[in-house]
Amino acid sequence: MDNNNHISGREQLEIHLGQQLNALLSSSHALHVKTAAIFDPNLQPAAFFLVRSLLAYGPASATSLAESLAMDRSSISRLVAQLKKAGYVHSEPDPQDRRGVVLTLTDLGRDKAVQATKEKGAEFYHRIQGWDDSSLEAFIQLLKRFNGLDEDGTL
């Protein structure tokens, strides 16, 4: 007996949505690993999460990186040590609390991160280059809605 006969149209749509979300997440992860290797093939891909965060949001403490990336402090410390040794990150006094330390990308780290990020962006742009503006606009609005964001992009 075919189990699909007992699945409603809505349930079938939800299954297809789940399949597409899984494909998106898998593709995104594979692209992250590829981009991390472009940045530096000798580092773990997780190190590139730190670099991307510092590139996007600026200097940060190891504690705030651990919280924002949902990683434990020991992993962050190990990755930061590797990034410092490679010359991609350095520490400096926290301007808000001189007793604290923030991590900052070096010029080398910033340049390599920008280059790797451009490669990653090119992959996504390639996928949408044939879309007309209205399809792209609709996709953006649906993603915002799915992510729980208002029209202006806020939660």
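Please treat every number below as a calculation from the coordinates, not as lab data. Keep in mind that this is a model prediction, so the values were computed, not measured. Reconstructed Cβ throughout: ideal geometry from the backbone, glycine too, with neighbour counts over all protein chains shown.
Matching residues to (1) in contact with a strand residue (DSSP E or B) (Cβ under 6 Å, 6 or more places away or on another chain); (2) assigned to a helix (DSSP H, G or I); (3) not aliphatic (A, V, I, L, M):
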| residue | (1), (2), (3) |
| --- | --- |
| 113 | no, yes, no |
| 117 | no, yes, yes |
| 121 | no, yes, yes |
| 134 | no, yes, yes |
| 137 | no, yes, yes |
| 145 | no, yes, yes |
| 150 | no, no, yes |
Name every residue in segment 65-75 that is out of contact with any Ser or Thr (no Cβ under 7 Å at 6 or more places or on another chain), surrounded by 14 or more Cβ atoms within 10 Å (Cβ to Cβ) and either in a helix (DSSP H, G or I) or in contact (Cβ under 8 Å) with a residue 60 or more places away in the chain (or both), in order of residue number. 66, 75
Residue in segment 49-59 that is nearest to residue 88 (Cα to Cα), counting only those that are surrounded by 12 or more Cβ atoms within 10 Å (Cβ to Cβ) and of a type in the set (A, V, I, L, M): 51
Only one of 86, 62, 46, 37 is under 14 Å from the mean Cα position of the chain (by Cα) and surrounded by 12 or more Cβ atoms within 10 Å (Cβ to Cβ). Can you tell me which? 46
In this structure, does residue 152 turn out to be of a type outside the set (A, V, I, L, M, F, W, C) and exposed (fewer than 12 other Cβ atoms within 10 Å of the Cβ)? yes
Selection status of residue 78, surrounded by 12 or more Cβ atoms within 10 Å (Cβ to Cβ), over 26 Å from residue 121 (Cα atoms) and out of contact with any strand residue (DSSP E or B) (no Cβ under 6 Å at 6 or more places or on another chain): yes
